[in-house]
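Data block below; observations after.
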Amino acid sequence: MSLHRTTIQEMKLTELVQIVLSVAVFLIASLSLLSQVEYEIINQKIFVSMVAATLGIAAALLVSQVMSRKKTSIFLSYPNEMEDIATKLGTELKENNFEVVVGDTIINPGDNIKKEVKKAIEDIDTLIVLLNEKSKKSDYINTEIKTAIKNKKRIIPLLTENNKKLLPKSINSLRFEVISEETEEESIKNFIAKIKTVDSIE
Amino acid sequence: MIDVDWFELVASDELKSFGVPFLTTFLMIIVKMVSRDNSRERGFIKKYMKRGNFNFGLQLTVTSFSIYLIGSLVRIRSLVLSGAAPKSMFNDITNTFTTIGLLILVIISLSFIVRFLGWESKNRESQPTLFYEVILPNLIGIYSLSAVINTLN
């Protein structure tokens, strides 16, 4: 691996001298150390130890794969007026072992909102979008829907009433679910029971 | 059925040569992965395959140095207690402290190299630093640990 020309040119003379000295000292010290180790040890035991260390790294990778065993991840998109229902739905989804992503949790002060949301949607499995009269014209919601379509994510529209006209054009061919405000808790539970049976979500 | 004499195995050189490096690298990586906040990332690669989780080389070299230092002091003590001949004891002590000094030089020079060609070079928007930041220090760290645990009795 060689140094890129730009890196050397950007270095100050003092930094360059420090690097050269460090490399020289490192090489001299290492070679001197190597000469101190008994020859018969180098061939066998050290080799075994280095193989063992490599296996340790491989084992760590395997274990971490198991640790990151995939939960279905869901992005919740909703207008501000539906924040209560969204919070209840999010809590219920988490209790049913789904990973829930909401805009507030992934966007920190100073972040580019559209960029962070786009990144989040790229990584999730399913977009659940809560819709009411006003949300059809919401820029954020429409952008989130478009991003999910572009990344071929499953989209589940959730309406507050049985009215297909609430669906934006981009998803008006999708089957929607309804959460009624009168039986909110029961509707949420029924909705989650339905999505758990869907193969691509489970 | 596997018949293993665990009592003898625990005291064996083979367990020391294999078990210590295996456990050390395994636990170092797992502890780093688990202790970082990766709740914002999704997927195994984005969550866990970060350079920070794998650059343990410097720590390993420093640990090897500590093991060698303490192990050497214990060995010198046992030589003194056993009444070994002064000349061989003197040679042993001299070799030990020479090795310790060389190890210190290796660690300091390696940390300079990692700093300039690894971490700081990122600020110059230059080439990949994976080799200087992760691979080289890890190779040296693993070799240091392997040499030290097999050299000390």
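The values are calculated or read from the model by the stated rules, or taken from the named source; none is laboratory data. Predicted, not measured: the structure shown is a model, and the values here were computed from it. We place every Cβ from the backbone using ideal geometry, glycine too, and count neighbours over all the protein chains shown. Note: areas computed on protein heavy atoms with side chains; ligands, DNA, RNA excluded. Shrake-Rupley method; radii C 1.70, N 1.55, O 1.52, S 1.80 Å.
Just a few scattered comments:
- For the pair A and B, total buried accessible area rounded to nearest 100 Å², probe 1.4 Å: 4400
- The apolar share of the surface of segment A:48-95, taken as the fraction of accessible area on carbon and sulfur atoms (1.4 Å probe, ligands and nucleic acids excluded), comes to 57 percent.
- Net charge, A:Ser187 excluded, C-beta distance under 11 Å - Lys, Arg +1, Asp, Glu -1: -4
- Cβ-defined net charge surrounding A:Gly103, 10 Å radius [Lys, Arg +1; Asp, Glu -1]: -3
- Here's the picture: charge each Lys and Arg Cβ at +1 and each Asp and Glu Cβ at -1 in segment A:133-173, and of A:Asn163, A:Asn151, A:Ile141 the one pushed furthest to the positive end of that dipole is A:Asn151.
- Gyration tensor analysis over the Cα atoms of segment A:92-191 returns equivalent ellipsoid semi-axes of 22, 17, 13 Å (largest first, whole Å).
- Segment A:132-202 - percent of accessible surface contributed by carbon and sulfur, probe 1.4 Å: 47
- Long pairs among A:Lys45/A:Lys71; A:Lys115/A:Lys164; A:Lys94/A:Lys150; A:Lys119/A:Lys164; A:Lys152/B:Lys32; A:Lys137/B:Lys50, criterion Cα-Cα beyond 32 Å: A:Lys45/A:Lys71; A:Lys152/B:Lys32; A:Lys137/B:Lys50
- Loop trypsin sites (Lys or Arg not before Pro), segment A:101-196 (other Cβ atoms within 10 Å of the site Cβ: 13 or fewer; DSSP): A:Lys134, A:Lys152, A:Arg175
- Cut-off under 5 Å, modelled amide H: who pairs with A:Thr72 long-range: A:Glu99
- Residues in segment A:67-122 average 58 Å² of solvent-accessible surface per residue, probe 1.4 Å, ligands and nucleic acids excluded.
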